[in-house]
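Working notes, beginning with the structure itself.
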Amino acid sequence: MTTIDASPATGTAARFPAGFRWGTATAAYQIEGAASLHGRTPSIWDTFSRTPGKVLNGDTGDIAADHYHRMAQDVGLMKRLGVSDYRFSVAWPRVQPTGRGPALQRGLDFYRDLVDRLLEAGIRPVATLYHWDLPQELEDRGGWPLRGTAERFAEYAGHVAGALGDRVADWTTFNEPWCAAFLGYASGVHAPGRTEPAAALRAAHHFNLAHGLGVQALRSVLPRSAEVSLTLNLHAVRALTGSAADLDAARRIDALGNRIFLDPVFHGRLPADLVRDTAEVTDWGFVRDGDLSVAATPVDWLGVNYYSPTLVAAADPGAPAAGGDPSPWPGTEGRVRFVPAPGARTAMDWPVDADGLYELLARLRDELPGVPVLITENGAAYEDYADPEGEVHDPQRIAYLHGHLAAVHRAIADGADVRGYFLWSLLDNFEWAYGYSKRFGIVHVDFATQRRTPKDSAHWYADVIARGGLPG
Ligand code: FCB
């Protein structure tokens, strides 16, 4: 078995606070495989990935990184990395196949086994209940635009907490509800692939409601010491210029991308400008009395996923309507223009810009005092390959990680309460609409043989963890 070498050789430039949590993150559909084993039913991602033209090369998560069968080996890899924490997600259709009624013991057993092995390895499990794999049966009944789905989620959350609550201390309701609502129901590039802007706004509200109901369900089952959270992919929005029109474009994207979740969850209100901006799309009549106070059920920390910033400007007056895919930003057509940022890019074509992460953390420090933050995802895809010696050299990923960790360190020094960092991702995996064409892992996976090879970045990360800071 491959060893992971973490022998600090040079000095440490940026030391993180004692107790800082160093983790890796994954998601069920992206790594598990075993899609129809032991009673698991299709999720919206099984259906979507089997629909021709939706996922690059027709890839599906049927086998993925075969983590379902290689879980022990993968925990072993993390132990050798030296991580203190592991963020994974539970597949709803594996533990409650129809999305209602009793849980399937066999499904729960898989996660119990995973958690036991993690604890044995000295790794703290951080469980996410929903990383996009809605049971297809619930989508067939209406999916997230339907209010009842939020109630179904709370029931499911209770089942999982009942089974794992004695061993898992950290819980997250949702991963990136923005993507699930707007890529899933507005632009349609993610499952279930619907292109109904009004339904996407309903879905966003139902995610907030389901989050609150889920927190309540978790708290009713979990010990008092358990910590409950939500993970958002907050957008670091920047206006191209300081003109009033560009600043207004940035305000609109901030409302639709960030405050649509932050305001209900942390303040129990909907942003007034969001409601105004989207008036042509919906009257928000689906928001019932009391929903927003449910959404604001207190959490213990906020998870932040960050990859790159978003640069916007006012749309050019008189410019023809943009062609191509439907927009994931309801109500912004003809008002907002997304501007490609200059500079280096990853294999996803996402700009590399660690300052955006610093800006987000400084904003959360100022706007949500008293709410600790965990970076629940950060990382980069590059064109990795194993060389003839069987090694994977990924200097660009190391540079990306170094820059972003330095930004986190700077934010902490400036007063941000950041408690940990989860690198996306442990393994190369099924990258949603991009299938297996994009590799985010610090461990390379040869999908033909399922052989795992730690990349240079894995050795680098092990060294960072061992020294508790960045080499310099
Ligand atoms: C995030 C997702 C995660 C992964 C990364 C690259 O939006 O939460 O599953 O695909 O992007």
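Overview of results
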{"item": "Some residue of segment 307-326 being surrounded by fewer than 17 Cβ atoms within 10 Å (Cβ to Cβ), closer than 29 Å to residue 372 by Cα and among the β-branched types (Val, Ile, Thr)", "result": "no"}
{"item": "Residue within segment 131-148 that is farther than 23 Å from residue 282 by Cα, open to solvent by 20 Å² or more (accessible area, probe 1.4 Å) and in a strand (DSSP E or B) present", "result": "no"}
{"item": "Count of residues meeting criterion [assigned to a strand (DSSP E or B) and more than 21 Å from residue 385 (Cα to Cα)] in segment 417-472", "result": "8"}
{"item": "Filter result for residue 270 (in a helix (DSSP H, G or I) and away from the ligand (no atom under 16 Å from the Cβ))", "result": "no"}
{"item": "Residues of segment 171-205 satisfying the condition of being of a type in the set (D, E, K, R) and part of a loop (DSSP other than H, G, I, E, B)", "result": "176, 194, 196"}
{"item": "Tally, over segment 327-350, of residues that are modelled with pLDDT under 95 and open to solvent by 80 Å² or more (accessible area, probe 1.4 Å)", "result": "2"}
{"item": "Total residues in segment 389-433, condition charged (D, E, K, R) and within 18 Å of residue 375 (Cα to Cα)", "result": "5"}
{"item": "Condition met for residue 3 (modelled with pLDDT under 95, more than 23 Å from residue 304 (Cβ to Cβ) and open to solvent by 70 Å² or more (accessible area, probe 1.4 Å))", "result": "yes"}
{"item": "Residue check for residue 403: part of a strand (DSSP E or B), more than 16 Å from the ligand (Cβ to nearest atom) and at pLDDT 95 or above", "result": "no"}
{"item": "Extreme residue, farthest from the chain's Cα centre (by Cα), among residues of segment 84-118 that are within 25 Å of residue 436 (Cα to Cα) and among the aliphatic types (A, V, I, L, M)", "result": "114"}
{"item": "Tally, over segment 20-57, of residues that are small (Gly, Ala, Ser) and touching a residue at least 40 places away in the same chain (Cβ under 8 Å)", "result": "7"}
{"item": "Top-ranked residue of segment 439-466 - restricted to ones that are over 21 Å from the mean Cα position of the chain (by Cα) and open to solvent by less than 20 Å² (accessible area, probe 1.4 Å), ranked as nearest to the ligand (Cβ to nearest atom)", "result": "455"}
{"item": "Count - residues of segment 351-370 that are touching a residue at least 60 places away in the same chain (Cβ under 8 Å), among the hydrophobic types (A, V, I, L, M, F, W, C) and open to solvent by 30 Å² or more (accessible area, probe 1.4 Å)", "result": "0"}
{"item": "Strands (runs of 3 or more DSSP E) enclosed by segment 310-393 - at least 3 residues per element that are more than 24 Å from residue 23 (Cα to Cα)", "result": "310-314, 336-338"}
{"item": "In segment 295-306, residue farthest from the ligand (Cβ to nearest atom) [restricted to those that are open to solvent by 20 Å² or more (accessible area, probe 1.4 Å) and among the hydrophobic types (A, V, I, L, M, F, W, C)]", "result": "296"}
{"item": "Members of segment 110-126 found to be open to solvent by less than 70 Å² (accessible area, probe 1.4 Å) and either without any contact (Cβ under 8 Å) to a residue 40 or more places away in the chain or acidic (Asp, Glu) (or both), listed by number", "result": "113, 116"}
{"item": "Meets criteria (within 20 Å of residue 299 (Cβ to Cβ) and either free of Cβ contacts under 8 Å to residues at least 12 places away in the same chain or open to solvent by 30 Å² or more (accessible area, probe 1.4 Å) (or both)) for residue 169", "result": "yes"}
{"item": "Residue match in segment 275-286 (condition: assigned to a helix (DSSP H, G or I) and of a type outside the set (Lys, Arg))", "result": "yes"}
{"item": "Subset tally (residues that are in a loop (DSSP other than H, G, I, E, B) and either within 16 Å of the ligand (Cβ to nearest atom) or open to solvent by 60 Å² or more (accessible area, probe 1.4 Å) (or both)) for segment 34-53", "result": "7"}
{"item": "Of residues in segment 365-400 being in contact with a Gly (Cβ under 6 Å, 6 or more places away or on another chain) and within 15 Å of the ligand (Cβ to nearest atom), the one nearest to residue 456 (Cα to Cα)", "result": "376"}
{"item": "Search result, residues across segment 426-438 that are within 11 Å of the ligand (Cβ to nearest atom) and closer than 12 Å to residue 382 by Cα", "result": "438"}
{"item": "Total residues in segment 330-364, condition within 16 Å of the ligand (Cβ to nearest atom), closer than 30 Å to residue 198 by Cβ and hydrophobic (A, V, I, L, M, F, W, C)", "result": "3"}
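Yes/no per residue for (1) buried (at least 21 other Cβ atoms within 10 Å of the Cβ); (2) of a type in the set (Phe, Trp, Tyr):
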| residue | (1), (2) |
| --- | --- |
| 249 | yes, no |
| 254 | yes, no |
| 266 | no, yes |
| 270 | no, no |
| 275 | no, no |
| 283 | no, no |
| 287 | no, no |
| 291 | yes, no |
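The values are calculated or read from the model by the stated rules, or taken from the named source; none is laboratory data. These numbers come from a predicted model, not from an experiment. When we count neighbours, we look across all protein chains shown, and the Cβ atoms used for this are built from the backbone with ideal geometry, even at glycine. Ligands, DNA and RNA are stripped out before the accessible areas are found, and what is left, the full protein with its side chains, is counted by its heavy atoms. Shrake-Rupley method; radii C 1.70, N 1.55, O 1.52, S 1.80 Å.
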